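Comments concern the structure below.
The values are calculated or read from the model by the stated rules, or taken from the named source; none is laboratory data. Bear in mind that the values here come from a model prediction, so they are computed numbers and not experimental data. Virtual Cβ from ideal backbone geometry, glycine too; neighbours counted across all protein chains shown. All accessible areas refer to the heavy atoms of the entire protein, side chains included, with ligands and DNA or RNA removed. Shrake-Rupley method; radii C 1.70, N 1.55, O 1.52, S 1.80 Å.
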Amino acid sequence: MSKRNSINRINDQVFKWFGIACTIFGLAMLAIFLYSVLSEGIPRLDWQFLTSLPSRKPENAGIFVGIVGSLWIMGLTALIAIPLGVASGIYLEEYGKKNMIASFIEINITNLAGVPSIIYGLLALEIFVRVLGFGKSLLTGSLTLSLLVLPIIIVATRESLKAVPNTIREASYALGATKWQTILYQILPASAGGIMTGVILALSRAVGESAPLIVSGALIYTSVIPSHPMDDFSVLPIQIFNWLSRPQKGFIVNATAAIIVLLGITFIMNGIAIYLRNRWQKKIKW
Amino acid sequence: MRIKEKIIEGLLLLSAAISILTTFGILYVLISDSYPFFQKVSLLEFFTDTQWTPLFADKHFGILPLVAGTLLTSGIAIAVALPIGLTIAIYLNEYASPGFRKVIKPILEILATIPTVVYGFFALVVITPYLQNFFPEMGGFNALSPGIVMGIMIIPLISSMSEDALYAVPKSLREASYGMGATRLQTSFRVLVPAASSGIIVSTILAISRAVGETMIVAIAAGQQPNLTANPLEPVETITTYIVQVSLGDVVQGSLEYQTIFAAGITLFALTFVLNNISFYFKKRFREKYE
């Protein structure tokens, strides 16, 4: 009995160390990864690199076209996806709680969240590029990514609306406010922090995406800076992908430097999202 | 006033209905654009031919090599992510101090926010050369390296969701087990993991679905050769890579090559759709159990 007991104790300790090892493995991978990117890319990262057009010579090439494209995509996606996503969230949480349409929409959203991003590229290739005739433009790209990130914004909006207690709604109705006035002046301001968090996470996802954009026709190589939503474009992740597929060592170094910029954007956005979430959770105690 | 309220409600409903439109759009596009393909290529040939060479002169349209490539890379990813992710979940839930857990969880979740093209770089430039030390015969493109990297990417998916499931197991079960003199290990594996099994299965299936649909990592590091093999050291092409490969070239709209990407797309959609719905089924069961 006591022998078995001590074996159990030993097993318990062994698993504890195995658990620590697994956790360290995850953290170590992250560290190795950041180190390999930073050590190789930082020397290449200078003003010339940020402001230059692509080039056949790796030492002259820069990421300006990719950065401008990514900023355009982020801005247009925000313009399209935020109103639609927040409006859908409001409908599902405040209006259509029990009706059939709402539950059908919910099933759709859950399913859409699991559809691989490249499938959205095929949808865009047929509908936006061909049927609607938007071509391989920034508009097509941002519509594609808007559809992709809508479920994230909708779910975040619903969660934040749900967190607003019913007493707020009832107090507003008691003062004679209509349903929409209540939502616009009471519920939305109270849940803005949570919605913003979801929006930023969705946009940070959009900035890092490349597969659906490649399929719906974003350019792999271009030296034209887009200036209009109907212009052709490329984005930072696609530029990285292009450089990784070149055999010259110089382009791999370029890709590494571009990755630092992309990771910088992603981490800053996620950081803001986490900060907003914490501040919002602390500030509001119902 | 009342009319304005109704109009607003209508507009909100219209926005929400976009999700339905998107679903039907996806189904419509995949079916209508792959339909002409399946008129020329029979389903029997599609599922039994062992070669996929639509871009060559001698054309074969067997999806098996692409499916095999997809399952091989996803299988490697799960083989890495499931044991590590589940162990981390159990460790953080039963062994680690709450403070440690609070710090480690968000750091691990950084892994899930890194853009996938960056993971592709990691597989191609860091992991593959490292693995070549052990397998000198392995080429620059292979299934193993992107598989491992995808596994690292989905560790937080499994560890976070499994930890939530373990955490949701009623305290009374845990305390009863400790009361019987069980160790933390015994409590974890004989009480908590079985009780949280639905949640763990859900997280695993969602992770598989994520790996099956993952594009950039495999497009960068696994190669572009349709290859019906189970050898992880060989280059493989996944369904997603094939779609990217065709999209990178100049393919004439309406041509047979153009239709093949929709045929590949509908196969991928069907795979992930089945996986996702199995996970919804388990999720529903999981909810019923403890509420």
**Request:** Check whether at least one residue in the stretch A:25-47 is open to solvent by less than 60 Å² (accessible area, probe 1.4 Å), of a type outside the set (K, R) and over 20 Å from B:F121 (Cα atoms), and report yes or no.
**Result:** no
**Message:** Take B:L173 and tell me if it is surrounded by 22 or more Cβ atoms within 10 Å (Cβ to Cβ), out of contact with any Pro (no Cβ under 9 Å at 6 or more places or on another chain) and at negative phi.
**Reply:** no
**Request:** Answer with yes or no whether B:G151 is open to solvent by 10 Å² or more (accessible area, probe 1.4 Å) and either more than 12 Å from every other protein chain (Cβ to nearest Cβ) or modelled with pLDDT of 95 or more (or both).
**Result:** no
**Asked** Are any of the residues in the stretch A:113-129 at pLDDT below 95 and in contact with a strand residue (DSSP E or B) (Cβ under 9 Å, 6 or more places away or on another chain)?
**Response** yes
**Asked** Does B:Y119 qualify as being within 7 Å of another protein chain (Cβ to nearest Cβ), of a type in the set (F, W, Y) and surrounded by 15 or more Cβ atoms within 10 Å (Cβ to Cβ)?
**Response** no
**Inter-residue pairs, beta-carbon under 9 Å, first within 14 Å of chain A (Cβ to nearest Cβ) and in the stretch B:227-255, second acidic (D, E), 6+ apart** = B:T238/B:E214; B:T240/B:E214; B:Q245/B:E237; B:V246/B:E257; B:G249/B:E257; B:V251/B:E257
**Request:** Provide a single number: the residues in the stretch B:1-55 that are hydrophobic (A, V, I, L, M, F, W, C) and farther than 29 Å from A:L148 by Cα.
**Result:** 9
**Asked** Checking B:K40 against (1) in contact (Cβ under 8 Å) with a residue 12 or more places away in the chain; (2) of a type in the set (K, R); (3) within 30 Å of B:S203 (Cβ to Cβ), which test does it fail?
**Response** (3)
**Message:** When you check B:S74 against the structure, is it more than 10 Å from chain A (Cβ to nearest Cβ) and buried (at least 17 other Cβ atoms within 10 Å of the Cβ), yes or no?
**Reply:** yes
**Filter result for B:V41 (under 28 Å from B:P226 (Cβ atoms), modelled with pLDDT under 90 and buried (at least 19 other Cβ atoms within 10 Å of the Cβ))** = yes
**Candidate set: the stretch B:47-68, residues that are crowded, with 18+ Cβ neighbours inside 10 Å and part of a helix (DSSP H, G or I); chosen: the one farthest from the chain's Cα centre (by Cα)** = B:P65
**Prompt:** Would a scan of the stretch A:88-102 turn up a residue that is at the interface with another protein chain (Cβ under 10 Å from one of its Cβ atoms), closer than 26 Å to B:V29 by Cβ and touching a Phe, Trp or Tyr at 6+ places or on another chain (Cβ under 8 Å)?
**Reply:** yes
**Message:** Please go through the stretch A:157-180 and give me each residue that is open to solvent by 20 Å² or more (accessible area, probe 1.4 Å) and either closer than 25 Å to B:T23 by Cα or assigned to a loop (DSSP other than H, G, I, E, B) (or both), ordered by number.
**Reply:** A:R158, A:E159, A:P165, A:L175, A:G176, A:A177, A:T178
**Request:** Kindly indicate whether any position in the stretch A:50-65 is in contact with a Phe, Trp or Tyr (Cβ under 8 Å, 6 or more places away or on another chain), assigned to a helix (DSSP H, G or I) and open to solvent by 30 Å² or more (accessible area, probe 1.4 Å).
**Result:** yes
**Request:** Among the candidates B:I266, B:I261, B:I278, single out the residue that is at pLDDT 95 or above and within 13 Å of chain A (Cβ to nearest Cβ).
**Result:** B:I266
**Request:** Please find, within the stretch A:232-280, the residue that is most open to solvent (accessible area, probe 1.4 Å) out of those that are of a type in the set (D, E, K, R) and more than 22 Å from A:S36 (Cβ to Cβ).
**Result:** A:R279
